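Colleague: First the structure, then my questions, so here it is.
Each reported figure results from applying straightforward, stated rules to the coordinates on display, with no laboratory input. Because the structure is a prediction, the values reported are computed rather than measured. Here Cβ is always computed from backbone atoms with ideal geometry, including for glycine, and neighbour counts include all displayed protein chains.
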Number of protein chains: 2
Amino acid sequence: MSILLRIKEQLPQLKTAERKVAEQILKDPAAIIDYVITELAEKCGVSDPTIVRFCQKIGLKGFMELKLNLAGELPKPVQVHRSVNEDDSPARIMDAIFDGHQGALQSLKNQVDTEMFEKAVDWLCNAKRIEFYGFGACGCVATDAQYRFCRLGVACNAFLDVHQQFWSASLLDSNSVVIALSTNGATKNIIETSRLASKAGARVIGIIGRNKSPLHPLCDMAFSLPCQEPAPAIMRFSTRIVQLALLDALFVTTLLRNSQIKENLERVRESLSDIFFEN
Amino acid sequence: MSILLRIKEQLPQLKTAERKVAEQILKDPAAIIDYVITELAEKCGVSDPTIVRFCQKIGLKGFMELKLNLAGELPKPVQVHRSVNEDDSPARIMDAIFDGHQGALQSLKNQVDTEMFEKAVDWLCNAKRIEFYGFGACGCVATDAQYRFCRLGVACNAFLDVHQQFWSASLLDSNSVVIALSTNGATKNIIETSRLASKAGARVIGIIGRNKSPLHPLCDMAFSLPCQEPAPAIMRFSTRIVQLALLDALFVTTLLRNSQIKENLERVRESLSDIFFEN
DNA sequence: AATTTCATGAAGTAAATTTACGTAAATTGT
DNA sequence: ACAATTTACGTAAATTTACTTCATGAAATT
């Protein structure tokens with residue numbers, strides 16, 4: 001279990017001096033890494049041995065182990081999108097891209113509105129039909145999402161064709177949920193489709209790579225994703241990663257909420273077994 | 001920038017004794033955290049001060065800072081994949097999913113073979129044609145990749161249909177690169193397609209969510225992705241994230257390698273402007 | 001009220017890291 | 001080719017840092 005969690009749990013059982021240490025650590029865990037034991041002791045108003053005893057009480061060998069453990073489990077400061085240019089080594093470019101994705105996920109973690117998320121899960125659980133709309137790169141995400149969600153046993157569609165989207169959206173009703181995916185919330189077609197779906201009575205959930213956009217007011221609920229990338233559209237990779245992550249979370253939560261759904265999943269899994277060589 | 005990457009980059013400029021240190025660290029970064037400086041010195045066959053000088057050369061204050069940094073950037077064995085169950089709150093599930101993705105990216109960062117990556121970029125730069133094959137969830141990744149790469153101005157296809165894949169693969173030649181995507185490297189169809197492509201003379205790059213699989217020996221080059229998820233197929237979300245990240249990196253590096261390609265991209269961008277409301 | 005227990009810090013110890021310095025090897029210039 | 005200079009690296013000393021022992025005083029118990 002994580003050190004910070006362990007500290008939190010042990011907190012009530014600690015003596016006054018040791019509790020001061022615990023509170024100081026919980027207040028700013030990242031700072032500890034730069035302290036030497038004496039500095040921390042001073043900050044807490046206790047002595048060195050108290051720090052050591054505290055560390056041992058939470059199951060560590062000593063202060064050094066605390067520092068190393070904290071370094072290991074603390075979220076790294078959110079990486080602002082690092083730009084790359086042609087002089088960079090492949091390894092460097094790779095690193096920059098991966099960092100960008102990680103940073104985007106970290107931002108997502110901090111930004112997602114939990115209540116909104118829960119409401120979205122509610123809608124999805126009760127939906128008789130789920131449609132995923134997106135164009136371009138978001139179309140891929142839509143397809144991927146449909147690929148997951150259709151296993152819930154609910155009717156799912158991911159139409160990438162405008163015409164199909166139009167007639168499908170206009171046939172929806174109040175038991176339908178639409179997931180509208182858009183990087184910038186300004187693509188004409190997705191806006192039109194969302195408007196149609198909304199007019200037909202469906203609940204429209206926007207997953208949009210921006211804070212404000214023409215698409216926002218058309219949605220019944222809109223997740224605005226972190227968008228630190230000031231890059232041209234084709235280079236905005238992280239948005240898609242974040243969209244997928246959010247959809248994953250929605251999917252799993254919806255899945256766990258409903259045991260009937262889990263049975264469906266089991267049946268699907270069995271039917272897949274014969275397309276593999278092994279297993 | 002990450003310490004390990006910095007070490008890799010500085011490697012050629014290091015003197016013999018210091019290089020020994022660098023190599024030892026790269027061989028097993030996780031082990032360093034438990035060493036004291038003298039232990040590491042012995043393992044490398046050098047003296048303590050050499051270690052310190054090495055640390056300073058890569059921009060750190062000393063050995064302690066190296067340990068703390070390594071602890072910070074190495075994938076935590078515990079955190080990589082937290083299991084979830086129906087009792088968990090939505091916020092917790094969300095967190096677990098995002099953590100899983102982040103952890104997977106971290107592992108990827110540490111595991112990707114840089115030389116292989118560069119060779120892959122070489123192949124892609126010189127390819128006259130690139131084909132992406134995948135089924136199921138990997139089909140979505142294939143489509144996404146095709147969507148990016150086709151903007152390089154190179155002929156790209158992502159056939160999800162088995163028949164199309166078969167005839168397309170058999171029409172390839174030595175100027176073609178095939179990217180074979182598979183979560184477990186055991187799907188019969190993808191194996192057959194890769195075999196056909198290889199026989200036709202194309203270079204097959206596997207991006208596989210496993211270390212060993214029936215698909216591996218059929219590839220001219222295979223990226224084995226970190227696969228910490230002991231979950232059923234439908235729940236293996238991270239593999240897809242990691243595949244996308246790797247493809248992103250391949251795409252950007254290929255793009256930056258070739259200025260002609262960048263011009264193509266500029267032209268594509270302009271042609272997209274009129275499908276948006278704004279901008 | 002006396003005794004015990006326990007929490008805590010002062011002082012000291014041990015260990016690990018870093019600096020200073022010297023030597024040998026490599027590089028450079030003549 | 002040989003001397004001069006620079007560089008590479010290890011020995012040993014110094015310093016920093018972490019940890020231990022033990023004494024003290026407070027709280028709890030008898």
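Colleague: What nm distance separates the two modelled labels at B:ARG53 and A:GLU39, each placed 7 Å from Cα along Cα→Cβ?
Modeller: Here the modelled spin labels are 2.8 nm apart.
Colleague: Can you tell me which lysines have their Cα less than 18 Å from the Cα of B:LYS43? Leave out same-chain residues fewer than eight positions away.
Modeller: Counting by Cα, and skipping residues close in sequence, B:LYS43 has these lysines nearby: B:LYS15, B:LYS20, B:LYS27, B:LYS67.
Colleague: How big is the shadow of the Cα convex hull of segment A:152-248, averaged over all directions, in nm²?
Modeller: Result: 6.3 nm².
Colleague: Could you work out the longest stretch of chain B that avoids the trypsin sites (Lys or Arg not before Pro) located in DSSP loops with at most 16 other Cβ atoms within 10 Å? Please list the in-between numbers first.
Modeller: Details: sites that count: B:LYS15, B:LYS61, B:ARG82, B:LYS128, B:LYS212.
Looking at chain B, B:129-211 is the longest stretch - no exposed trypsin sites (Lys or Arg not before Pro) with at most 16 other Cβ atoms within 10 Å.
Colleague: Per Stokes-Einstein, at 25 °C and 0.890 mPa s, what whole-number D in µm² s⁻¹ belongs to the protein assembly as shown, with the Kirkwood radius over Cα pairs as the hydrodynamic radius?
Modeller: The calculation lands on 97 µm²/s.
Colleague: Also, quick follow-up: Among A:PHE135, A:PRO90, A:ASN110, which residue has its Cα furthest toward the positive end of the charge dipole of segment A:1-141, with +1 on Lys/Arg Cβ and -1 on Asp/Glu Cβ?
Modeller: Looking along the dipole axis, the top candidate is A:ASN110.
Colleague: Now for a separate question. To two decimal places, what compactness ratio does chain A give when its Cα radius of gyration is scaled by 2.2 N^0.38 Å?
Modeller: Rounded to two decimals, the normalised Rg is 1.29.
Colleague: State which helices in chain B qualify, where a helix is a whole DSSP H run, it must extend 24 Å or more along its own axis by its Cα atoms, and its mean Kyte-Doolittle hydropathy must be at least 1.0. Each step should come with its number before you reach the end.
Modeller: Working: long enough: B:90-111 (31 Å, -0.41); B:238-257 (28 Å, 1.16).
Length and hydropathy pass: B:238-257.
Colleague: Plugging the Kirkwood radius over Cα pairs into Stokes-Einstein for segment B:110-272, at a temperature of 25 °C and a viscosity of 0.890 mPa s, what D comes out in µm²/s?
Modeller: The diffusion coefficient I find is 156 µm²/s.
Colleague: Taking 1 over the mean of 1/r across every pair of different Cα atoms in segment A:3-73, what Kirkwood radius in Å do you get?
Modeller: 11.6 Å
Colleague: Count the lysine pairs in segment A:110-274 that are 8 or more places apart or on different chains: how many have C-alpha atoms under 22 angstrom apart?
Modeller: Lysine pairs meeting both conditions in segment A:110-274 amount to 9.
Colleague: Still on this model: Quick one: longest stretch of chain B between exposed loop GluC sites (Glu not before Pro), exposed meaning at most 13 other C-beta atoms within 10 Å and loop per DSSP?
Modeller: Details: sites that count: B:GLU86, B:GLU278.
So the longest stretch without any such site is B:87-277.
Colleague: Which percentage, to the nearest 5, of the DSSP beta bridges contained in the protein assembly as shown is antiparallel?
Modeller: DSSP beta bridges in the protein assembly as shown are roughly 5 percent antiparallel.
Colleague: Measuring label to label, 7 Å along Cα→Cβ, what does A:ALA30 give against each other copy in nm, shortest first?
Modeller: Computed spacing set for this position: 2.6 nm.
Colleague: Continuing with this model, one more query. What is the dipole size for chain B, taken about its Cα centre, with +1 at each Lys and Arg Cβ and -1 at each Asp and Glu Cβ, in debye to the nearest 20?
Modeller: 700 debye
Colleague: Could you work out how far apart the two model spin labels at B:ASN211 and A:LYS128 are, taking each label as a point 7 Å from the Cα in the direction of the beta carbon, and quote it in nm?
Modeller: Here the answer is 5.1 nm between the modelled labels.
Colleague: Moving to a separate point now. Taking R0 as 35 Å, what FRET efficiency do you get between A:ALA155 and B:ALA155 from their Cβ-Cβ distance, rounded to the nearest 0.05?
Modeller: In this case the efficiency is close to 0.45.
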